[in-house]
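S.K.: I have a structure I would like to understand better, so I am pasting it below and will then ask my questions one at a time.
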Amino acid sequence: MARRKNNAPKNSFTVEQSDELLPFLLRMLPETGRNSVKSVLKRGQVLVEDEVQTRHDHKLQPGQKITIVKNKTFKRNAALTGLSILHEDEDLIVIDKSAGLLSIGSPKEKQETAHRQLMNYVKSKNPNYRIFVVHRLDRDTSGVMLFAKNEEAKLKLQQSWKKMVKERKYAALVEGSPKQPEGTVESYVKESKTLKMFTTKNPKGAQHAITHYKKVQGNANLTLLEVQLETGRKNQIRVHMQEIGHPIAGDKKYGARTNPIKRLGLHAHVLAFQHPSNKKVMRFESPIPKPFLSNSR
């Protein structure tokens with residue numbers, strides 16, 4: 001299940017097969033009681049790939065280094081605001097982004113962004129480190145997002161994105177109740193001069209877009225959909241939900257009339273992809289926000 005690295009201290013282990021953090025620690029520390037192991041986790045004394053991890057169900061991947069730090073409490077990602085790190089290795093950083101945080105800024109945009117925070121974070125470890133954008137989430141969309149830590153990983157992912165991404169699911173809280181509990185929206189999308197996306201039947205100058213959706217639960221006013229992307233166009237889900245007559249709650253730009261949860265009702269729930277270096281499939285999940293669930297019952 002695990003091995004100790006050569007010349008490594010007794011509190012350092014290497015994962016040999018997929019596991020969850022708490023069960024792994026209980027096996028590696030057989031003489032330590034369950035409550036004590038939980039306390040070590042809670043105090044931030046467990047490092048996964050040199051990053052503090054406190055979640056009992058954190059998914060471990062083969063090859064990861066687990067270290068127990070004795071008599072010292074760390075504060076995890078203290079400098080990061082509006083995001084948390086789900087995974088980090090030599091090539092990648094996977095984050096859980098909050099709604100309201102920009103993915104990346106522009107020369108005119110001076111607000112804090114996920115990209116800028118992560119750049120400062122890695123440079124605090126090594127001034128030569130950098131962060132590269134692989135894909136983006138809208139400012140008001142929350143959930144799982146992927147960045148690269150070197151240009152080679154970025155290029156591999158971007159050039160083979162459709163092939164390397166194995167699963168990409170969103171939770172969408174939409175207005176009304178779709179007549180069909182599941183379906184596919186396929187069209188061409190194009191950007192207007194006002195930077196708003198719209199659908200068109202004319203493929204000239206437009207991009208082909210395919211969105212699959214399935215009802216999870218709902219009431220007369222709001223429905224929670226599981227949405228899976230086959231293509232990844234700008235504002236694709238938002239414009240496709242408008243096309244079927246059920247815009248995303250809070251999305252005034254694309255036809256919404258209500259804002260029941262005081263934010264855009266779109267959340268990047270699952271992202272699974274093939275690692276650009278070791279080719280292993282990695283899957284990350286951000287829980288569906290509670291307001292999405294409570295408002296669609």
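S.K.: Pairs only if they're at least six apart or on different chains, beta carbon under 7 angstrom, first in the range 80-100 and more than 23 Å from HIS275 (Cβ to Cβ), second part of a loop (DSSP other than H, G, I, E, B) and of a type in the set (Lys, Arg); list them, first residue then second.
M.R.: Taking only residues 6 or more apart or on different chains, the pairs are ALA99/ARG263; GLY100/ARG139.
S.K.: Would you tally the residues in the range 192-224 being free of Cβ contacts under 8 Å to residues at least 60 places away in the same chain, surrounded by 12 or more Cβ atoms within 10 Å (Cβ to Cβ), touching a Lys or Arg at 6+ places or on another chain (Cβ under 7 Å) and not aromatic (Phe, Trp, Tyr)?
M.R.: Within the range 192-224, residues that are free of Cβ contacts under 8 Å to residues at least 60 places away in the same chain, surrounded by 12 or more Cβ atoms within 10 Å (Cβ to Cβ), touching a Lys or Arg at 6+ places or on another chain (Cβ under 7 Å) and not aromatic (Phe, Trp, Tyr) number 6.
S.K.: Also, quick follow-up: Among the residues of the range 225-248, count how many are open to solvent by 50 Å² or more (accessible area, probe 1.4 Å) and under 16 Å from ARG168 (Cβ atoms).
M.R.: So the answer is 6.
S.K.: On to the next question. Restricting the search to the range 52-65, which residues are crowded, with 17+ Cβ neighbours inside 10 Å and either out of contact with any helix residue (DSSP H, G or I) (no Cβ under 8 Å at 6 or more places or on another chain) or more than 17 Å from VAL40 (Cβ to Cβ) (or both)?
M.R.: Residues satisfying the conditions are VAL52, LYS59, GLN61, GLN64.
S.K.: Could I ask something else about it? Of everything in the range 133-159, what is open to solvent by 10 Å² or more (accessible area, probe 1.4 Å) and over 18 Å from GLU112 (Cα atoms)? Give them in sequence order.
M.R.: Across the range 133-159, the qualifying residues are VAL134, LYS149, ASN150, GLU151, GLU152, LYS154, LEU155, LYS156, GLN158, GLN159.
S.K.: Looking at ASP251 and the list (1) open to solvent by 50 Å² or more (accessible area, probe 1.4 Å); (2) under 19 Å from LEU195 (Cβ atoms); (3) within 21 Å of the chain's Cα centre (by Cα), which single condition is not satisfied?
M.R.: Condition not satisfied by ASP251: (1).
S.K.: Given the conditions (1) over 11 Å from LEU225 (Cα atoms); (2) surrounded by fewer than 16 Cβ atoms within 10 Å (Cβ to Cβ), which single one is not true for GLU182?
M.R.: (1)
S.K.: Can you name the condition, by its number, that PRO127 falls short on among (1) surrounded by 19 or more Cβ atoms within 10 Å (Cβ to Cβ); (2) at pLDDT below 95?
M.R.: In the conditions (1) surrounded by 19 or more Cβ atoms within 10 Å (Cβ to Cβ); (2) at pLDDT below 95, PRO127 misses (1) alone.
S.K.: Looking at the range 102-117, can you tell me whether even one residue there is of a type in the set (Asp, Glu) and touching an Asp or Glu at 6+ places or on another chain (Cβ under 7 Å)?
M.R.: No, every residue in the range 102-117 fails to be of a type in the set (Asp, Glu) and touching an Asp or Glu at 6+ places or on another chain (Cβ under 7 Å).
S.K.: Being buried (at least 21 other Cβ atoms within 10 Å of the Cβ) and under 12 Å from the mean Cα position of the chain (by Cα) is the filter; apply it to the range 258-285 and report the residue that is farthest from GLN17 (Cα to Cα).
M.R.: HIS267
S.K.: When you go through (1) open to solvent by 70 Å² or more (accessible area, probe 1.4 Å); (2) of a type in the set (D, E, K, R); (3) under 28 Å from ILE261 (Cα atoms) one by one for LYS163, which number turns out not to apply?
M.R.: Going through the list (1) open to solvent by 70 Å² or more (accessible area, probe 1.4 Å); (2) of a type in the set (D, E, K, R); (3) under 28 Å from ILE261 (Cα atoms), LYS163 breaks only (3).
The values are calculated or read from the model by the stated rules, or taken from the named source; none is laboratory data. Remember, it's a predicted structure, so these values are computed and weren't measured experimentally. Please note: Cβ atoms are built from the backbone with ideal geometry, for glycine as well, and neighbour counts cover all protein chains shown. We work out accessible area using only protein heavy atoms, side chains counted, and drop any ligands, DNA or RNA first. Shrake-Rupley method; radii C 1.70, N 1.55, O 1.52, S 1.80 Å.
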